[in-house]
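The structure appears below as structure tokens.
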Ligand code: FCB
């Protein structure tokens, strides 16, 4: 169906809190996700990341799976509270050593380490001091970045500052469905800025201390479709595009927040938390822009009176993540859906990549997450025939091939996820892995999708 060149990077992705477990071992301090998941009612079935996939103890055999899959790269995240408990001051040598051994283990197996500095696990002490709503957290993040980059340096092939700052800001501080669970619109927009600022500060640390490493950030960019071509519906798209996409792309790639974002959100904040020089500082040049994509979004203008659909794709709560989007209605999407209730829309993926190519023609791209949760069934012979996941992956990787054929400079693809894990508010109920984890025994079993992905990664041939 499609051929990918030898240089195309095939990888898989995970995140610290979702797989490591060992929440109270090795000197790790508490993060906002420990607090949140231990608060009754916050996660499905009250699940927590205390044990997760026990990767902290099983990392070596997990690396063997990565090597057997024939992958070129592995994207993992570093838990800030494991390496610098409390989020400031001394580093914890046991925590640093864990990641150092992980990186060396990858290099020994010929796999490129791609390290994310922040995949949502803010040290609880920093949240107690105001979290991402305050500027000081960005400054603390700079120091944390300096410590880990100094320790791991350019053994890390690609340093990724943040994973999906959209989620940290809007789900963490506006809808409250993610840690720290706050529902304060003005704080969410301040968090947007402080996450962007922290990205710029940490990016400059990487440039200085690990000049041979690549620098990236991972964004979950939204493909927003209008219900009609009316001016009002197109304006609804513009608003959501500003909040979801351009609030990050603007400062990071253009060195400025978009004027319409500031105007739309004026009733919520005056953005006085943006200091002179911040925007230029945020725009540190990136070697690759990481793109996470799962599904698309459908909106129309809302008159402020009719009952409004709450299908914003991030459900779970009555509060909306969409700060200052009072004139927009999110519509349910046509199916089919994954087990997350997310619609399956591969053409939107091509559209997204072509948009980025059009707007930022010189910016190389990397797919840092894409994948699907389905209710896997273990057959009597122990095999897991996850045909729907294979179909999802095939069609989305095909969408990447299509974008490449039309000129988009996409350099690689990381499947989410290497193995089943703690899916945030959905706990262990949703399985995204190409490798199954039996949470009673911690036994790993390759699903059919893992065998399929292994063939793709080793041949570059999409069947
Ligand atoms: C993304 C997250 C990742 C995982 C997938 C399903 O938003 O970055 O940790 O939860 O969704």
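The values are calculated or read from the model by the stated rules, or taken from the named source; none is laboratory data. Everything numeric here is computed off the predicted structure, so don't read it as measured data. Here Cβ is always computed from backbone atoms with ideal geometry, including for glycine, and neighbour counts include all displayed protein chains.
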Notebook entry, point to check: Out of (1) surrounded by fewer than 24 Cβ atoms within 10 Å (Cβ to Cβ); (2) out of contact with any helix residue (DSSP H, G or I) (no Cβ under 9 Å at 6 or more places or on another chain); (3) touching a residue at least 24 places away in the same chain (Cβ under 8 Å), what's the single condition that is false for residue 231?
Noted result: (3)
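For segment 15-106, which fully contained helices (runs of 4 or more DSSP H) count at least 3 residues that are touching a strand residue (DSSP E or B) at 6+ places or on another chain (Cβ under 8 Å) and either in contact (Cβ under 8 Å) with a residue 24 or more places away in the chain or under 22 Å from residue 367 (Cβ atoms) (or both)?
Numbers: elements: 16-19, 32-37, 55-68, 80-83.
Per the criteria, 16-19, 55-68.
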Notebook entry, point to check: Taking residue 169, is it under 21 Å from residue 48 (Cβ atoms), within 16 Å of the ligand (Cβ to nearest atom), under 18 Å from the mean Cα position of the chain (by Cα) and buried (at least 24 other Cβ atoms within 10 Å of the Cβ)?
Noted result: no
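Run down 375, 381 and say which single residue is within 16 Å of the ligand (Cβ to nearest atom), modelled with pLDDT of 95 or more, assigned to a loop (DSSP other than H, G, I, E, B) and surrounded by fewer than 18 Cβ atoms within 10 Å (Cβ to Cβ). If you could, list the steps in order and put the result at the bottom.
Numbers: 381 fails: within 16 Å of the ligand (Cβ to nearest atom).
The match here is 375.
Inspect all residues belonging to segment 244-252 and state whether any of them is outside any loop (DSSP other than H, G, I, E, B), within 16 Å of the ligand (Cβ to nearest atom) and out of contact with any strand residue (DSSP E or B) (no Cβ under 6 Å at 6 or more places or on another chain). Steps first, answer last, please.
We begin by selecting, within segment 244-252, every residue outside any loop (DSSP other than H, G, I, E, B); these are 244-252.
Those still in the list that are within 16 Å of the ligand (Cβ to nearest atom) too: 244-245, 248.
Now drop any that are not out of contact with any strand residue (DSSP E or B) (no Cβ under 6 Å at 6 or more places or on another chain), which leaves 244-245.
Within segment 244-252, one or more residues are outside any loop (DSSP other than H, G, I, E, B), within 16 Å of the ligand (Cβ to nearest atom) and out of contact with any strand residue (DSSP E or B) (no Cβ under 6 Å at 6 or more places or on another chain).
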Note to self: Given the options 428, 413, name the one that is within 13 Å of the ligand (Cβ to nearest atom), within 21 Å of the chain's Cα centre (by Cα) and in contact (Cβ under 8 Å) with a residue 12 or more places away in the chain.
What the structure shows: 428
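Taking segment 431-461 on its own, how many of its residues are assigned to a helix (DSSP H, G or I) and away from the ligand (no atom under 16 Å from the Cβ)?
Qualifying residue count, segment 431-461: 11.
Do we find a residue being more than 16 Å from the ligand (Cβ to nearest atom), closer than 27 Å to residue 37 by Cα and at pLDDT 95 or above anywhere in segment 103-122?
No, there is no match, as no residue in segment 103-122 is more than 16 Å from the ligand (Cβ to nearest atom), closer than 27 Å to residue 37 by Cα and at pLDDT 95 or above.
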Note to self: Looking at residue 328 and the list (1) closer than 28 Å to residue 230 by Cα; (2) touching a residue at least 60 places away in the same chain (Cβ under 8 Å); (3) away from the ligand (no atom under 16 Å from the Cβ); (4) out of contact with any strand residue (DSSP E or B) (no Cβ under 9 Å at 6 or more places or on another chain), which single condition is not satisfied?
What the structure shows: (4)
Next item on the list: For segment 201-212, indicate whether the set of residues that are touching a strand residue (DSSP E or B) at 6+ places or on another chain (Cβ under 7 Å), closer than 22 Å to residue 273 by Cα and surrounded by 24 or more Cβ atoms within 10 Å (Cβ to Cβ) is non-empty.
Entry: yes
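Check 220, 163 and return the single one that is in contact (Cβ under 8 Å) with a residue 12 or more places away in the chain, within 16 Å of the ligand (Cβ to nearest atom) and surrounded by fewer than 24 Cβ atoms within 10 Å (Cβ to Cβ). Outline the logic, then answer.
Details: 163 fails: surrounded by fewer than 24 Cβ atoms within 10 Å (Cβ to Cβ).
None of the other options fit; the residue is 220.
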Check: Which residue out of 389, 358, 395 is in a helix (DSSP H, G or I), within 15 Å of the ligand (Cβ to nearest atom) and out of contact with any strand residue (DSSP E or B) (no Cβ under 8 Å at 6 or more places or on another chain)?
Finding: 389
Check: Any residue at all in segment 264-286 that is within 16 Å of the ligand (Cβ to nearest atom), surrounded by 20 or more Cβ atoms within 10 Å (Cβ to Cβ) and either assigned to a loop (DSSP other than H, G, I, E, B) or more than 22 Å from the chain's Cα centre (by Cα) (or both)?
Finding: no
